[in-house]
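Novice: Here it is, the structure, as structure tokens.
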């Protein structure tokens, strides 16, 4: 026992000093300090990000204040900056992406965790994990050269315009690059996240719950619908939040297909702009402190929103995964 | 028992619908792969790996500088991200108290969710601006920060999976705790940790946004760590949005190379993991 001093709690001062000395000699204190420093540096880096964004956007914040978020003129030459078109574009593309990705992702997750035979499920899960690894610039590449021409020449004039053209969201000319295109690319990009997190949440639902339902004569689907999904609900919402945060912050693929035009149009077929895209396009060439500061303030807004959404997502997922590995 | 009761019909219908969702998702992957092999493979040539980009207006040339640039940036990012993440993961699994662990774990997850473009402008302010120029170093710092969270979480997960009895056996023999961690716990989790690290590298290898204002780009070779450098993802972006047909061809070739690399690392790492091992992800 004396050779393995675990804690000095309750020992006499002299005994504590001796114990400390022993641990020091054994390298314990040093090892602990190194490990704690590495862990603390994570907190430091996160704090640095916040401080840097906050202090570097001071100029723009003091000039525009909260009205930055509500005005829509973005004129670097005149020195007037309003974030509304970018916020609008970011929100609308993300919501559109979720509308497609939620049913697709949840359906897949249910199939993989509940309905499919184990071997098929394992193989498909493996492939979907790979889909999550495809770099966003590759999605952008396919977006520009495959999706944009396909939408412009086939899908929109052939199907969407004749069938839905009277709706205001599909009004106006279509050039291929648009909010609609960006939303489609985003939806494909976030599906793997919804699938893999939802699948884990579903698998964490206790086995006896399922067995009890099946033993009462319920079919697989009835078990999923009445037992598994209600139990996993918060975690699934968490996975959707996680995907939403991804979509809001996604940069490259969106920049390549959204058309980069700061405007607010009711039509999804019109070009738009997102926060991440305007930073990517203009930050490198931003001349003047105010211009740069305004772009950093956009970064601060994006950071704040994703931080809150991610924070909620993690809590929701933790509450359902409690007991399983958290 | 009625085979065609409403219950069974609904069950089979939902089996079909959810299955179609899964097949569609996998179909997208197969389409992406297939299209890149078709477009990229046909655009690829030996000169892609050996030559510098051709001057504007000329065709041909390659992306040798971007391949080396990406490798350098990733090397530096690994040198920054992996040690901090690895040791931080050890702290979480072996040393920390519950409340501290929760705070650090939560912060790590949030850091993981910070949009990559935001990391780019922060590193611009912290590294590029004070130094006065874009550099390989700044690009490495940006990707290094992005590597930390995944490295922490995967190290922690795999260490926690090591049975407590192994640690107790080591301590009972009189070894100090750090020695038990270094010689018993880490070796037991090594395969998982290495796989996790590979996945981490693969993830940042394709990152473009954080490099736009840090590594920038370069049409020529970049020597040392203090000059702007070309990287594959940024080259793909610039060439894809450029106006020249030959650039597009090269963008496809580069996309093919990048995707092949990323997926190869992924497949190797995931196959190395034993079945049923939990793989932490973003």
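The values are calculated or read from the model by the stated rules, or taken from the named source; none is laboratory data. Everything quoted here is computed from the prediction, not taken from an experiment. Counting neighbours? That spans all protein chains shown, and the Cβs are built from the backbone with ideal geometry, glycine included.
Novice: Take residue B:66 and tell me if it is touching a helix residue (DSSP H, G or I) at 6+ places or on another chain (Cβ under 9 Å) and within 23 Å of residue B:222 (Cα to Cα).
Specialist: Working: touching a helix residue (DSSP H, G or I) at 6+ places or on another chain (Cβ under 9 Å): yes; within 23 Å of residue B:222 (Cα to Cα): yes.
Considered against the rule, which asks whether it is touching a helix residue (DSSP H, G or I) at 6+ places or on another chain (Cβ under 9 Å) and within 23 Å of residue B:222 (Cα to Cα), residue B:66 comes out as yes.
Novice: Among the numbered criteria (1) facing another protein chain (nearest Cβ under 7 Å); (2) over 28 Å from residue B:235 (Cβ atoms), which single criterion is violated by residue A:131?
Specialist: (2) is the only condition that residue A:131 fails.
For (1) touching a strand residue (DSSP E or B) at 6+ places or on another chain (Cβ under 9 Å); (2) within 10 Å of another protein chain (Cβ to nearest Cβ); (3) buried (at least 22 other Cβ atoms within 10 Å of the Cβ), each residue gets a yes or a no:
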| residue | (1), (2), (3) |
| --- | --- |
| B:187 | no, no, no |
| B:203 | no, yes, no |
| B:215 | no, no, yes |
| B:252 | no, yes, yes |
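Novice: Residues A:98, A:112: which one is in a helix (DSSP H, G or I), in contact (Cβ under 8 Å) with a residue 12 or more places away in the chain, at the interface with chain B (Cβ under 9 Å from one of its Cβ atoms) and touching a helix residue (DSSP H, G or I) at 6+ places or on another chain (Cβ under 9 Å)? If you could, list the steps in order and put the result at the bottom.
Specialist: Values: A:98 fails: at the interface with chain B (Cβ under 9 Å from one of its Cβ atoms).
Exactly one of A:98, A:112 is in a helix (DSSP H, G or I), in contact (Cβ under 8 Å) with a residue 12 or more places away in the chain, at the interface with chain B (Cβ under 9 Å from one of its Cβ atoms) and touching a helix residue (DSSP H, G or I) at 6+ places or on another chain (Cβ under 9 Å), namely A:112.
Novice: Hey, another quick one. Can you work out which of the residues in the range B:95-132 that are farther than 27 Å from residue A:302 by Cα and out of contact with any helix residue (DSSP H, G or I) (no Cβ under 6 Å at 6 or more places or on another chain) is farthest from the other protein chains (Cβ to nearest Cβ)?
Specialist: B:99
Novice: Give A:177, A:156 a once-over and let me know the one that is within 20 Å of residue A:90 (Cβ to Cβ) and surrounded by 12 or more Cβ atoms within 10 Å (Cβ to Cβ).
Specialist: A:177
Rundown of residues vs (1) more than 10 Å from every other protein chain (Cβ to nearest Cβ); (2) closer than 20 Å to residue A:87 by Cβ; (3) touching a strand residue (DSSP E or B) at 6+ places or on another chain (Cβ under 9 Å); (4) not in a helix (DSSP H, G or I), yes/no style:
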site	(1), (2), (3), (4)
A:15	yes, no, no, no
A:18	yes, no, no, no
A:22	no, no, no, no
A:34	no, no, no, no
A:40	no, no, no, no
A:47	no, no, no, no
A:51	no, no, no, no
A:60	yes, yes, yes, no
A:63	yes, yes, yes, no
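Novice: Test each condition in (1) in contact (Cβ under 8 Å) with a residue 24 or more places away in the chain; (2) part of a loop (DSSP other than H, G, I, E, B) for residue B:223 and report the one that comes out false.
Specialist: For residue B:223, the failing item is (1).
Novice: Hey, another quick one. It is to be established whether one or more residues within the range B:69-77 are closer than 30 Å to residue A:29 by Cβ and modelled with pLDDT of 95 or more.
Specialist: Taking the range B:69-77 first, the residues closer than 30 Å to residue A:29 by Cβ are none.
Looking through the range B:69-77, none of the residues is closer than 30 Å to residue A:29 by Cβ and modelled with pLDDT of 95 or more.
Novice: Moving on. When you look at residue A:263, is it in contact with a helix residue (DSSP H, G or I) (Cβ under 7 Å, 6 or more places away or on another chain), touching a residue at least 12 places away in the same chain (Cβ under 8 Å) and not in a helix (DSSP H, G or I), yes or no?
Specialist: Taking the combined requirement at face value, the residue satisfies it.
Novice: When you scan the range A:139-252 for helices (runs of 4 or more DSSP H) that lie fully inside it, which ones turn up with 1 or more residues that are without any contact (Cβ under 8 Å) to a residue 40 or more places away in the chain?
Specialist: Per the criteria, A:161-164, A:207-215, A:220-223, A:229-249.
Novice: While we're on this one: Is it the case that some residue within the range A:306-319 is away from every other protein chain (no Cβ under 11 Å), over 17 Å from the mean Cα position of the chain (by Cα) and at negative phi?
Specialist: Yes, the conditions are met somewhere in the range A:306-319.
Novice: Which helices (runs of 4 or more DSSP H) sit wholly inside the range B:1-94 and have at least 2 residues that are more than 24 Å from the chain's Cα centre (by Cα) and either without any contact (Cβ under 8 Å) to a residue 12 or more places away in the chain or more than 10 Å from chain A (Cβ to nearest Cβ) (or both)?
Specialist: It comes to B:6-43, B:46-50.
Novice: Additional query: Is it the case that some residue within the range B:171-184 is at the interface with chain A (Cβ under 10 Å from one of its Cβ atoms) and under 21 Å from the mean Cα position of the chain (by Cα)?
Specialist: Looking for residues that are at the interface with chain A (Cβ under 10 Å from one of its Cβ atoms) and under 21 Å from the mean Cα position of the chain (by Cα), one finds none in the range B:171-184, hence no.
Novice: Is there a residue in the range B:133-153 that is assigned to a helix (DSSP H, G or I), more than 28 Å from residue A:311 (Cβ to Cβ), away from chain A (no Cβ under 12 Å) and free of Cβ contacts under 8 Å to residues at least 12 places away in the same chain? Explain how you work it out, then say what you get.
Specialist: Taking the range B:133-153 as the starting set, the residues that turn out to be assigned to a helix (DSSP H, G or I) are B:136-153.
Adding the requirement that they be more than 28 Å from residue A:311 (Cβ to Cβ) leaves B:136-140.
Cutting the leftovers down to away from chain A (no Cβ under 12 Å) gives us B:136-140.
Okay, now just the ones that are also free of Cβ contacts under 8 Å to residues at least 12 places away in the same chain, so none.
No, the range B:133-153 contains no residue that is assigned to a helix (DSSP H, G or I), more than 28 Å from residue A:311 (Cβ to Cβ), away from chain A (no Cβ under 12 Å) and free of Cβ contacts under 8 Å to residues at least 12 places away in the same chain.
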